[in-house]
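*Asks:* There's a structure below that I have some questions on.
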Amino acid sequence: MTGRNSWGLGPDAVDLRRPPQPARPVELAALPQRLTVDLARTAVVVVDMQNDFCAPDGWLASSGVDVSAAAAPAAALERALPRLRGSGVPVVWLNWGNRPDRANLPPGVRHVYDPDGASTGIGDPLPNGSHVLELGSWSAAVVDGLTVDPGDLHVAKYRMSGFWDTPLDSVLRNLRVDTLLFAGVNVDQCVLATLVDAACLGYDVVLVEDLCGTTSPEFCTEATVYNVRQCFGFTTTSAELLAGLPA
């Protein structure tokens, strides 16, 4: 993937021209307007489809949360991602994977997940021995039912937004992409926070509604979809997206 942003090198000269990326435009139905998307300049960002948020024995489930809605996008993602890869669209898995020593976490972030100081918070052990949201652990791994391709990219995050204190922006710039398709959980929290920061950084953002889920009440999804269309970008569905892709 880094070959998209590379120089031509020789013993006596350097060619600063990047490899050409011929446009591969496709049209798809979206809201608030129909879109033409250049697949040569597009990536899909899959947020937090990991065991601690989606698995029945993960962190959220162990605290009594019904994670069925978080796991729900997996089936649609498993249908959509191979088609996107086949169309040359890079897949970026953006999972929460914190440092084992939690040295980069401010107290405000830790408090969200351990509000009384006595709960199972970030880095604490689960009954299965994994540590909550820890990089390299089962907790931070992509949930069963989703196929990860060797050519996919992985970025660990440590906040609701995947852009803070991470290499996500550098990875995307090296991919030379302008348009980001967003999927994952929770759509009203980490997906939205990352999407908003992407829009503020100048990326074109498209939320793929049925490739997202949340354990929050339904009105949170409704507000998220409204705000994405109103303030930040566009929304579509996987059916509309796949219909626009080359056969």
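The values are calculated or read from the model by the stated rules, or taken from the named source; none is laboratory data. Treat the numbers as computed from the prediction; the structure is a model and nothing was measured. A quick note on method: Cβ atoms are made from the backbone with ideal geometry, for glycine too, and the neighbour counts reach across all protein chains shown. Just the protein is used for accessible areas: all its heavy atoms, side chains included, with ligands, DNA and RNA removed. Shrake-Rupley method; radii C 1.70, N 1.55, O 1.52, S 1.80 Å.
*Asks:* How high is the relative contact order of the stretch 153-201, in percent, counting Cα pairs under 8 Å that sit 6 or more residues apart? Please list the in-between numbers first.
*Replies:* Numbers: 39 pairs, mean separation 19.7, N = 49.
40 percent.
*Asks:* State the extension gain, in nm to one decimal, for the chain segment bounded by Arg24 and Thr120, taking 0.36 nm per residue of separation less the distance between their alpha-carbons. Working shown, then result.
*Replies:* Working: separation 96, 0.36 × 96 = 34.56 nm, distance 4.73 nm.
Here the answer is 29.8 nm.
*Asks:* Evaluate the relative contact order of the stretch 1-75 (contact order divided by residue number), counting alpha-carbon pairs under 8 angstrom at least 6 apart; express in whole percent. Kindly include the intermediate steps, with their values, before the conclusion.
*Replies:* On the way: 77 pairs, mean separation 11.3, N = 75.
This gives 15 percent for the stretch 1-75.
*Asks:* On to the next question. Ignoring ligands, DNA and RNA, how do Ser238, Ser62 rank by accessible area with a 1.4 Å probe, largest first?
*Replies:* Working: Ser238 15, Ser62 70 Å².
The ordering from most to least exposed comes out as Ser62, Ser238.
*Asks:* Rounded, prolate or oblate for the stretch 203-247? Axes are the square roots of the Cα gyration tensor eigenvalues, ordered a ≥ b ≥ c, and the cut-off for rounded is a/c under 1.5. Please report the intermediate quantities before stating the final value.
*Replies:* Values: a/c = 3.01, a/b = 1.53, b/c = 1.97.
Oblate, since a/c reaches 1.5 and b/c is not below a/b.
*Asks:* Can you give the local net charge around Ala75? Use residues other than it whose beta-carbon is closer than 15 angstrom to its beta-carbon, Lys and Arg +1, Asp and Glu -1.
*Replies:* Details: positive: Arg79, Arg83; negative: Glu78, Asp144, Glu209, Asp210.
Local charge sum for Ala75: -2.
*Asks:* Still on this model: Please state the relative contact order of the chain as a whole percent: Cα pairs under 8 Å, 6+ residues apart?
*Replies:* On the way: 476 pairs, mean separation 60.0, N = 247.
The value is 24 percent.
*Asks:* For Asp15 and Ala247, what is the calculated FRET efficiency with R₀ set at 45 Å and r taken between the beta-carbons, to the nearest 0.05?
*Replies:* 0.80
*Asks:* For the stretch 94-247, with all protein chains present and a 1.4 Å probe, just round the carbon and sulfur fraction of the accessible area to a whole percent.
*Replies:* Details: 3810 of 6960 Å².
Here carbon and sulfur together make up 55 percent of the probe-accessible area.
*Asks:* Under 15 Å from the 7 Å Cα→Cβ point of Ser63, by amide nitrogen: which residues of the stretch 168-203?
*Replies:* 186, 189-190, by backbone N distance to the label point.
*Asks:* Among rounded, prolate and oblate, which fits the stretch 152-247 when a ≥ b ≥ c are the square roots of the eigenvalues of its C-alpha gyration tensor, a/c under 1.5 means rounded, and a/b larger than b/c means prolate? Present the calculation step by step, with values, prior to reporting the outcome.
*Replies:* On the way: a/c = 1.60, a/b = 1.12, b/c = 1.43.
Note, shape of the stretch 152-247 comes out oblate.
*Asks:* Another question, if that's okay. Note down, for the stretch 1-108, the three equivalent ellipsoid semi-axes (square root of 5 times each alpha carbon gyration tensor eigenvalue), biggest first, whole angstrom.
*Replies:* Numbers: eigenvalues 257, 114, 30 Å².
After scaling each eigenvalue by five and taking roots: 36, 24, 12 Å.
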